[in-house]
Amino acid sequence: MAKFKRNLLISIFNSYASQSGHKLTFSDTLSGVGATGIRLANESNYVQKIYFNDANVNASELLQESINYNCLDSSTEVSINEANKFLSNFTNRDTRFDFIDLDPFGSPIQYIDSAVRALKINGVISLTATDGAVLCGVYPKVCLRKYGSISLNTEYFNETALRILLFSLASISSHYELGIKPLFCHTDKHYIQAYVQITDSISDTEGKIGFLGHCFTCQNRVVSELPVLSCNLCSSDNKIAGPIWTGNIFDKSFLNIAINNTDDSNLLKLYENALLESSLPPLYYVTDNISQNLKISSFPVETILSRLKENNFLSSKTVLHSTGFRTDANIEEINSLLSKTSTSNI
Ligand SMILES: C[S@@+](CC[C@H](N)C(=O)[O-])C[C@H]1O[C@@H](n2cnc3c(N)ncnc32)[C@H](O)[C@@H]1O
């Protein structure tokens with residue numbers, strides 16, 4: 001898991017750097033023993049300098065040993081500091097970072113403001129959150145307190161979590177009239193992760209903050225600028241979550257660059273699948289839940305994708321769930337397509 005996460009970070013860093021055409025500075029802000037930064041220094045041709053930081057003295061001692069062992073002294077700098085204090089030392093225009101990694105235990109929220117101020121315009125922040133229960137809707141009140149947004153436990157829980165994290169980043173960035181552009185997002189059983197460019201254009205964020213309404217009676221879902229309180233299909237009360245980021249969570253042109261820049265087959269597959277879903281609506285569906293609700297046998301995701309395409313709906317798998325899919329059809333239309341097909345045909 002950690003290995004894949006680091007492979008992904010290195011790939012995203014290289015793709016972003018290849019676009020900018022020069023070597024970049026990287027802040028390994030909560031570096032631990034430096035496994036991510038050391039790998040990046042060894043494996044990327046685009047590193048100008050890596051700045052390691054951790055509050056833990058013991059971790060920093062082990063990190064220094066790794067730096068010596070790998071002969072990376074000239075391209076690295078190590079500090080032992082509280083992360084916000086560390087980042088605050090880099091807020092001058094000429095010292096800001098190109099790429100900042102925030103990889104804490106739990107929530108990254110308390111470091112975001114400092115990171116935004118220590119990042120160059122159009123630089124990238126990599127955000128990891130491991131407080132999944134908060135963001136995914138188990139503790140909505142804690143989520144409201146920490147992230148300023150109410151979470152909701154639905155079948156697309158990890159997408160809501162990502163969109164809440166992105167909302168918080170967009171909200172903090174907008175204090176400085178900065179916009180956000182998510183490049184790539186990824187989740188795992190243990191973490192939620194977003195790679196986001198911070199732009200000098202607040203219009204990148206405008207119109208992309210809203211709410212989601214979920215109907216637990218018919219499983220209809222809606223994303224809107226203001227909360228929609230009742231289901232437009234069955235008139236039951238919607239449960240509301242948000243504010244959330246309602247814009248794209250994958251950037252098409254960045255994905256094309258990432259695809260051209262990787263020879264790792266797992267990453268290639270991930271990027272190619274993300275590209276397919278990048279312009280489809282938010283909030284994916286899960287086939288297993290649909291078959292359960294309709295009391296039909298479970299069916300492969302390809303079955304519903306082809307039914308949807310035959311009926312002129314947009315559709316794609318999602319990288320956020322192994323049996324999930326996105327479509328512009330609503331739940332009534334999806335159910336109707338599946339009900340028309342006898343269970344044996346599925
Ligand atoms: C999840 S680990 C980092 C893992 C590392 N990025 C890697 O790839 O292996 C989180 C680290 O944050 C450090 N930490 C926690 N709170 C901190 C703070 N306020 N300032 C600086 N470091 C902190 C911990 O000592 C720990 O090493």
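Things worth noting here:
- 5 angstrom amide H check on Leu314, placed H, neighbours 5+ away: Asp328, Ala329
- Amide H contacts for Leu119 (H built 1.01 Å from N in the peptide plane; partners 5 or more residues away or on another chain; cut-off under 5 Å): Phe97.
- In this structure, the amide hydrogen of Ile100, modeled 1.01 Å from its nitrogen in the peptide plane, lies closer than 5 angstrom to those of Ser27, Val124, Ile125, Ser126, counting only residues at least 5 positions away or on a different chain.
- All-pairs Cα distance distribution in region 287-328, expressed in whole percent, bin size 5 Å: 6, 24, 29, 26, 14, 0
- Panel note: the C-alpha atoms of region 243-341, placed on their principal axes, show extents of 44, 32, 25 Å (largest first).
- Inter-label distance, nm, simple model (7 Å from Cα along the C-beta direction), Leu294/Asp264: 3.7 nm
- Cross-link pairs Lys49/Lys85; Lys49/Lys146; Lys269/Lys295 - those with Cα-Cα distance over 21 Å: Lys49/Lys146; Lys269/Lys295
- Listed residues Ile172, Gln219, His186: farthest to the positive end of the dipole of region 2-275 (Cβ charges): Gln219
- Diagonalising the gyration tensor over the Cα atoms of the chain and scaling each eigenvalue by 5 before taking the square root yields semi-axes of 38, 22, 17 Å, largest first.
- Burial order of peptide ranges 293-302, 23-32 (average beta-carbon count within 10 Å, highest first): 23-32, 293-302
- Gained length - Gln48 relative to Ser322, 0.36 nm times residue gap less alpha-carbon distance: 94.9 nm
- Compared with the alpha-carbon gap, the fully stretched path from Glu302 to Lys141 is longer by 54.2 nm at 0.36 nm per residue.
- Cross-link pairs exceeding 27 Å between alpha carbons, from the set Lys181/Lys309; Lys120/Lys208; Lys3/Lys23; Lys309/Lys340: Lys181/Lys309.
- Length-normalised contact order for the chain - Cα pairs under 8 Å, 6+ apart - percent: 11 percent
- Size of charge dipole - the chain - debye, nearest 20, with Cβ of Lys, Arg +1 and Asp, Glu -1, no other charges: 500 debye
- Mean Cα-pair separation over length for region 90-244, i.e. relative contact order, pairs under 8 Å, 6 or more apart, %: 20 percent
- The stretch between His175 and Ile121, if pulled fully straight at 0.36 nm per residue, gains 18.0 nm over its current Cα-Cα span.
- Residues of region 91-115 with amide N under 11 Å of a point placed 7 Å along Cα→Cβ from Ser75: none
Bear in mind that the values in this text are calculations on the coordinates, not laboratory data. Just so it is clear, the model here is predicted, and its values are computed rather than measured. Quick reminder, even Gly has a Cβ in these numbers, built from the backbone with ideal geometry, and neighbours come from all protein chains shown.
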